[in-house]
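**Student:** Encoded as structure tokens, here's the structure I'll be asking about.
The values are calculated or read from the model by the stated rules, or taken from the named source; none is laboratory data. Everything numeric here is computed off the predicted structure, so don't read it as measured data. A quick note on method: Cβ atoms are made from the backbone with ideal geometry, for glycine too, and the neighbour counts reach across all protein chains shown. Keep in mind that these areas ignore ligands, DNA and RNA; they rest on the heavy atoms of the full protein, side chains included. Shrake-Rupley method; radii C 1.70, N 1.55, O 1.52, S 1.80 Å.
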Amino acid sequence: MRADHRRDIQGLRSVAVGLVIAYHVGVPGVTGGFIGVDVFFVISGFLITRHLLDEQRATGRIRLAAFFARRARRILPAALVVAVLTLGASALLLPPTRLATVAGDALASILFVPNVLFAARGADYLTSTVPSPFQHYWSLGVEEQFYLIWPVLLIVAGLIARRRGPAIAIAAVAVVSLAAAAVLLPLNPTATFYLLPTRAWEFAIGGLVSVLLAARSDWAPAGLRAAVGWLGLAAIVGSALLIGATTPFPGLSALPAVLGTALIIATGGRDRPSALDRVLGWGPLTVVGLLSYSLYLVHWPAIELATEVLGGTPPALVRALIVVASVGAAAVLWAVVERPMLRRGIRRPGRWIVVALSAVAVAAGLSLGVGLLAAAAPTSSDRAAGEASPREPTPFVPTDLTPSLEAGAGDLPAIYANGCHVPIGVEGWLDCRVGDADVPLTVALFGDSHAALWYPALESLAQDGVLQVRSLTKSACHAMDFTTLRNGSEDPTCAPWRAAVTAELLANPPDLVIIANSTEQATDAATLDRWTGAAAPLVAALAEVTTVVVLEDTPFLTRDPIACLGANLDDTKPCRSPVADVTNGAVASLLRAETIANGGVWVSTLDLVCPEGLCSPILGAILVYRDDNHLTATFSRSLAEPFWERVSRALTERSGGSAED
């Protein structure tokens, strides 16, 4: 039976895309449905390796031009059509400030490097609050990059050792890539998730199955093969149910799903089908498997654009309707685009490649044009805030907004640009000082990016001669003994950084230590358990030698403020949130009690950020937030005086207490 006509593999594709969609629409329990992509990777590795090695054995060579033409015929038409349609829908539904970014994502997707873009941007596929409508194209980027490298690798391996060279090369890729994924995951989970070098082992496992079956298709008795196949399916389903946002991924935790897929492929495709073959070869499953590529392409932008338009996760009924509509759209896409292209022969590979590159160029030009038009669109109303109170929400986006919506995302504290803020995954610690050395009052700022967001306020005070600032901050690392997870992995650079900074503050204490941390929005029992006791040892130790202030965390907005404002230039009310809806009161209560009990002072700044209990992204003529949880540097500086009035009370409250209003 030909590998590409195996009904069980079509059914397996159906399982894979079903898991991905179930995860994306929030089906309860399917917390690891994203492993469906890993299933696809193994299938691709198996099929591509099988085709290439069969050709090499039959003709003595691999025709690269024909291979690339076949891949272009299979992948590009549907991918480009969906990309253009998604870009068009985005242009109709999204504000210009958001559309400019989405158009850039479209360009990267059309050029098949979105995974590189998202890795560089630091996007978090599992937890991002505002993902791109093109986020799912990351896997196509990985596949296309694999297709460019894989045939060349097999050709070179075959030249070195005709019989065993390809198998050895494939095994080497599997081992090295898996080892790289395991080592790099805790250091840079985002890059490990998105990039080919740490995903190649999944394709290679599929390739090893193709080598095994070519050498010995009857590698085990029928009864054993059947049992092994069911074990593989259990591994896939179990992974989808047991893996979650706190699971380190895609390192060793991806092994069960990957090996499970390999076992199913290795045990299926016999002339006498097993029970599992019959299950996976069931008609409806194979139909969905046939549509799986188109369905994967269309479902995500439908979900994501609906989420952005509605300002939050759509109701369950709406999500169900989106899935149904996606299946219908996928059927049309398959019938109109995929099927006609697949029926066309490839007699002149060079012509196919030229046509494919031309189509890519046209689509890329379209995305570039949309991006330029979006960048030129209005980003404010026709009114100025003028003398509006800096403590009052402005009901429109003023022409004199500072920073502007275009510049808002980049309005960062100076310590990001001058290298005084330690990035994610970077070892070491920094103690950067600003202010006149003759000023007797020294204040140390200790914590993650939610501490760094207060640096502009303290910097302003230092420039006015009020104090000296010592900046000791690091992205995604808490000052307190709280395990920081990203994609389920603890950043191994956090604990040494925390220990070194704490030791420095104990050895050379400032007059005041300000501690701030991101407390996120999770209030589940596991998160609360991790926070319990986190503040006590640090506050108690530092309170022995200096004054300690712990700040209540700033709110996490439910919508991207810049995108929301861009869609509501003349009426910003939809972008506001009651403070109770965007703060983590449960964690705040824990930290407040521990801070006071251990000799520290608890300070809340919520009323400064959200006057009268309402969080508005614009106060007066100032943009408050640069994303959904970080203040702009401009707004932080504007709070210098009231912030210091609040914090400086701690200097007279060494016995412990609260400096809240």
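**Student:** Looking at region 600-652, which of its residues are surrounded by 23 or more Cβ atoms within 10 Å (Cβ to Cβ) and basic (Lys, Arg)?
**Tutor:** Matches in region 600-652: ARG626 only.
**Student:** Still on this structure, please answer the following. Please give the number of the condition ARG351 fails out of (1) under 29 Å from the mean Cα position of the chain (by Cα); (2) over 30 Å from VAL27 (Cβ atoms).
**Tutor:** Answer for ARG351: the failing condition is (1).
**Student:** Check LEU263 against each of (1) assigned to a loop (DSSP other than H, G, I, E, B); (2) out of contact with any strand residue (DSSP E or B) (no Cβ under 7 Å at 6 or more places or on another chain); (3) open to solvent by 40 Å² or more (accessible area, probe 1.4 Å) and name the one condition it does not meet.
**Tutor:** Going through the list (1) assigned to a loop (DSSP other than H, G, I, E, B); (2) out of contact with any strand residue (DSSP E or B) (no Cβ under 7 Å at 6 or more places or on another chain); (3) open to solvent by 40 Å² or more (accessible area, probe 1.4 Å), LEU263 breaks only (1).
**Student:** Still on this structure: Working carefully through the options SER109, SER90, find the one that is part of a helix (DSSP H, G or I), free of Cβ contacts under 8 Å to residues at least 40 places away in the same chain and either surrounded by 21 or more Cβ atoms within 10 Å (Cβ to Cβ) or within 16 Å of the chain's Cα centre (by Cα) (or both).
**Tutor:** SER109
**Student:** From (1) closer than 20 Å to VAL20 by Cβ; (2) modelled with pLDDT of 95 or more; (3) open to solvent by less than 10 Å² (accessible area, probe 1.4 Å), pick out the condition that doesn't hold for PRO151.
**Tutor:** Only one criterion is unmet by PRO151, namely (1).
**Student:** Need the failing condition index for PRO273 against (1) without any contact (Cβ under 8 Å) to a residue 24 or more places away in the chain; (2) of a type outside the set (A, V, I, L, M); (3) touching an Asp or Glu at 6+ places or on another chain (Cβ under 9 Å), just the number.
**Tutor:** Among (1) without any contact (Cβ under 8 Å) to a residue 24 or more places away in the chain; (2) of a type outside the set (A, V, I, L, M); (3) touching an Asp or Glu at 6+ places or on another chain (Cβ under 9 Å), the lone unmet condition for PRO273 is (1).
**Student:** Another one. In region 410-429, what count of residues is obtained for those that are surrounded by fewer than 19 Cβ atoms within 10 Å (Cβ to Cβ) and part of a loop (DSSP other than H, G, I, E, B)?
**Tutor:** Residues flagged as surrounded by fewer than 19 Cβ atoms within 10 Å (Cβ to Cβ) and part of a loop (DSSP other than H, G, I, E, B) within region 410-429 amount to 8.
**Student:** Let me ask something else. For region 1-29, how many residues are in a loop (DSSP other than H, G, I, E, B) and either open to solvent by 30 Å² or more (accessible area, probe 1.4 Å) or under 20 Å from ALA302 (Cα atoms) (or both)?
**Tutor:** Residues flagged as in a loop (DSSP other than H, G, I, E, B) and either open to solvent by 30 Å² or more (accessible area, probe 1.4 Å) or under 20 Å from ALA302 (Cα atoms) (or both) within region 1-29 amount to 7.
**Student:** For ASP491, work out the one condition from (1) at pLDDT below 85; (2) surrounded by fewer than 22 Cβ atoms within 10 Å (Cβ to Cβ) it doesn't fulfil.
**Tutor:** Failing condition for ASP491: (2).
**Student:** Quickly run through region 359-380 and pick out the residues that are open to solvent by less than 60 Å² (accessible area, probe 1.4 Å) and small (Gly, Ala, Ser).
**Tutor:** Those that are open to solvent by less than 60 Å² (accessible area, probe 1.4 Å) and small (Gly, Ala, Ser): ALA359, ALA363, ALA364, GLY365, SER367, GLY369, GLY371, ALA374, ALA377, SER380.
**Student:** Quick one: is VAL545 aliphatic (A, V, I, L, M) and buried (at least 17 other Cβ atoms within 10 Å of the Cβ)?
**Tutor:** No, not satisfied.
**Student:** Where in region 144-222 are there helices (runs of 4 or more DSSP H), lying fully within it, with 3 or more residues that are hydrophobic (A, V, I, L, M, F, W, C) and touching a helix residue (DSSP H, G or I) at 6+ places or on another chain (Cβ under 6 Å)?
**Tutor:** 165-184, 200-215
**Student:** Considering only region 277-302, how many residues are crowded, with 24+ Cβ neighbours inside 10 Å and more than 18 Å from ALA78 (Cβ to Cβ)?
**Tutor:** 1
**Student:** A further question follows. Report the residue count in region 564-614 for those that are among the polar types (S, T, N, Q), in a helix (DSSP H, G or I) and in contact with a helix residue (DSSP H, G or I) (Cβ under 8 Å, 6 or more places away or on another chain).
**Tutor:** Residues flagged as among the polar types (S, T, N, Q), in a helix (DSSP H, G or I) and in contact with a helix residue (DSSP H, G or I) (Cβ under 8 Å, 6 or more places away or on another chain) within region 564-614 amount to 1.
**Student:** Another question, if that's okay. For region 615-651, which positions are of a type in the set (S, T, N, Q) and either over 32 Å from the mean Cα position of the chain (by Cα) or assigned to a loop (DSSP other than H, G, I, E, B) (or both)?
**Tutor:** SER616, ASN629, THR632, SER648
**Student:** Of the residues ARG391, ARG344, ARG383, only one is of a type in the set (Lys, Arg) and surrounded by 14 or more Cβ atoms within 10 Å (Cβ to Cβ); which?
**Tutor:** Answer to the selection: ARG383.
**Student:** Would you please list the contacts, defined by Cβ atoms under 8 Å and residues six or more apart or on different chains, that run from a residue in region 612-635 that is on the phi > 0 side of the Ramachandran plot to a residue that is assigned to a loop (DSSP other than H, G, I, E, B) and open to solvent by 20 Å² or more (accessible area, probe 1.4 Å)?
**Tutor:** GLY620/ALA388; GLY620/SER389; GLY620/PRO390; GLY620/ARG391; GLY620/GLU392
**Student:** Now a separate question. Quickly run through region 185-227 and pick out the residues that are free of Cβ contacts under 8 Å to residues at least 24 places away in the same chain and closer than 19 Å to VAL142 by Cβ.
**Tutor:** PRO197
**Student:** Taking the criterion of being modelled with pLDDT of 95 or more, within 21 Å of the chain's Cα centre (by Cα) and hydrophobic (A, V, I, L, M, F, W, C), would at least one residue in region 41-57 satisfy it?
**Tutor:** So far as region 41-57 goes, yes, one or more of its residues are modelled with pLDDT of 95 or more, within 21 Å of the chain's Cα centre (by Cα) and hydrophobic (A, V, I, L, M, F, W, C).
**Student:** Pairs needed: first member in region 137-153, on the phi < 0 side of the Ramachandran plot; second member anywhere, β-branched (Val, Ile, Thr); C-beta distance under 6 Å; at least 6 residues apart or different chains.
**Tutor:** As it stands, the answer is SER139/VAL37; GLY141/VAL113; PRO151/ILE62, since those pairs meet every condition given.
**Student:** Another question about this same structure. Which of the residues spanning region 398-409 are assigned to a loop (DSSP other than H, G, I, E, B) and not hydroxyl-bearing (Ser, Thr, Tyr)?
**Tutor:** PRO398, ASP400, LEU401, PRO403, ALA409
**Student:** Out of contact with any strand residue (DSSP E or B) (no Cβ under 6 Å at 6 or more places or on another chain) and either surrounded by fewer than 20 Cβ atoms within 10 Å (Cβ to Cβ) or at positive phi (or both), is that true of ALA174?
**Tutor:** Considered against the rule, which asks whether it is out of contact with any strand residue (DSSP E or B) (no Cβ under 6 Å at 6 or more places or on another chain) and either surrounded by fewer than 20 Cβ atoms within 10 Å (Cβ to Cβ) or at positive phi (or both), ALA174 comes out as no.
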